[in-house]
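*Asks:* Quick one: the structure is below, and I'll ask about it shortly.
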Amino acid sequence: MIGIKALASGSKGNCYHITDGSTPLLLECGIRFKDIQIGLSFQTSDIAACLISHEHKDHSKAIKEVIKYGIDCYMSHGTAETLKLSGHRVKIIRPLEQFHIGTWTILPFETQHDAEEPIGFLLQNQAGNKLLFATDTYYIRYRFNELNYIMVECNYALDILRANVEAGTVPSALKNRLLRSHFSLDHVKDFLMANDLSQIKEIWLLHLSDGNSDAKRFKREIQELTGKMVFVAGQ
């Protein structure tokens, strides 16, 4: 089993805590470190590492505090360079090159976002449980077998976005950026149907847009499509 806790999800900040019962990890640290501590009832001394998908502040805000606290942080070279990070706590990883943290084997993979070398993660523990983490991307080129947990961005629905553009509440420029950098509800559906869901225990929908999403609808439609247990992070 893998335990998942969403400390924050969305454009204001993203941070998730996962554990297999042996090695707790942070996925992203896009909120104040103090808020991470509060969210974990100050049980942060056993966090083995923090994985960062890319440099945008809503995913990396607390990175320097996390490092200062003595937690190793794993990221691509492009992310580390953009954030101007160095030192022995900064661990550079490369897409499709496996590495290990405690009881986890982790495979980073390329994602598509307006950032420098963004990545997602496929994590497997010693019991063989697999978790996929992918956020801030408009496309995932890879297919995955025997997943047990999926944590995937579901940022917007195209019909809601178009209605907001027509109403003048969303600028056309923002619409174009979303289309080129974030996963929509339709993208998520296509991605899920292209992968092996036979062993899925939980699907987590992440990083919903404040104004271009509908949490209840997204959860309902993904549950109806997959027949799996679906959670919306931050709800």
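*Asks:* Can you spot a residue in the stretch 211-223 that is crowded, with 18+ Cβ neighbours inside 10 Å and over 28 Å from N129 (Cβ atoms)?
*Replies:* Yes: one or more hits.
*Asks:* A further question on this structure: Taking helices (runs of 4 or more DSSP H) that do not extend beyond the stretch 154-227, which have at least 2 residues that are hydroxyl-bearing (S, T, Y) and more than 20 Å from the chain's Cα centre (by Cα)?
*Replies:* none
*Asks:* Quickly run through the stretch 32-48 and pick out the residues that are surrounded by fewer than 22 Cβ atoms within 10 Å (Cβ to Cβ) and either in contact (Cβ under 8 Å) with a residue 12 or more places away in the chain or touching a Ser or Thr at 6+ places or on another chain (Cβ under 8 Å) (or both).
*Replies:* If the condition is that a residue be surrounded by fewer than 22 Cβ atoms within 10 Å (Cβ to Cβ) and either in contact (Cβ under 8 Å) with a residue 12 or more places away in the chain or touching a Ser or Thr at 6+ places or on another chain (Cβ under 8 Å) (or both), then R32, F33, D35, Q37, G39, L40, T44, D46, I47, A48 are the ones that fit.
One line per residue, one yes/no per condition, for (1) touching a strand residue (DSSP E or B) at 6+ places or on another chain (Cβ under 7 Å); (2) within 19 Å of H113 (Cα to Cα):
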| site | (1), (2) |
| --- | --- |
| Q43 | no, no |
| A48 | yes, no |
| H56 | no, yes |
| I63 | yes, no |
| C73 | yes, no |
| E81 | no, yes |
| L85 | no, no |
| H88 | no, no |
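*Asks:* Here's another thing I want to ask about it. Give L40, L7 a once-over and let me know the one that is at pLDDT 95 or above, touching a Phe, Trp or Tyr at 6+ places or on another chain (Cβ under 7 Å) and under 18 Å from G234 (Cα atoms).
*Replies:* Values: L40 fails: touching a Phe, Trp or Tyr at 6+ places or on another chain (Cβ under 7 Å).
Unique residue meeting the criteria: L7.
*Asks:* I would also like to ask the following. Applying the selection to the stretch 183-210, what residues are closer than 20 Å to H113 by Cα and free of Cβ contacts under 8 Å to residues at least 60 places away in the same chain?
*Replies:* Of everything in the stretch 183-210, those that are closer than 20 Å to H113 by Cα and free of Cβ contacts under 8 Å to residues at least 60 places away in the same chain turn out to be F183, S184, L185, D186, H187, V188, K189, D190, F191, L192, L205.
*Asks:* T79 fails exactly one of the following numbered conditions: (1) in a helix (DSSP H, G or I); (2) more than 19 Å from L122 (Cβ to Cβ); (3) polar (S, T, N, Q). What is the number of that condition?
*Replies:* (2)
*Asks:* I92 versus (1) surrounded by fewer than 16 Cβ atoms within 10 Å (Cβ to Cβ); (2) on the phi > 0 side of the Ramachandran plot: which is the lone unmet condition?
*Replies:* Condition not satisfied by I92: (2).
*Asks:* Among the residues of the stretch 168-188, is there at least one that is farther than 25 Å from S53 by Cα, aliphatic (A, V, I, L, M) and crowded, with 17+ Cβ neighbours inside 10 Å? Walk me through it before giving the result.
*Replies:* In the first step, residues of the stretch 168-188 are kept if they are farther than 25 Å from S53 by Cα; the result is 168-172.
With the extra rule that they be aliphatic (A, V, I, L, M), the set shrinks to 170.
Still in the running and crowded, with 17+ Cβ neighbours inside 10 Å: 170.
Yes, the stretch 168-188 contains a residue that is farther than 25 Å from S53 by Cα, aliphatic (A, V, I, L, M) and crowded, with 17+ Cβ neighbours inside 10 Å.
*Asks:* Counting only residues that are assigned to a loop (DSSP other than H, G, I, E, B) and touching a helix residue (DSSP H, G or I) at 6+ places or on another chain (Cβ under 8 Å), how many does the stretch 1-30 have?
*Replies:* Number satisfying all stated conditions: 8.
*Asks:* Further question: Taking into account only those residues within the stretch 117-148 that are aromatic (F, W, Y) and within 14 Å of L107 (Cα to Cα), which is surrounded by the fewest Cβ atoms within 10 Å (Cβ to Cβ)?
*Replies:* Residue satisfying both the conditions and the ranking: Y142.
The values are calculated or read from the model by the stated rules, or taken from the named source; none is laboratory data. Bear in mind the structure is a predicted one, so any value in this text is a computation, not a measurement. Note that we place each Cβ from the backbone using ideal geometry, even for glycine, and neighbour counts take in every protein chain shown.
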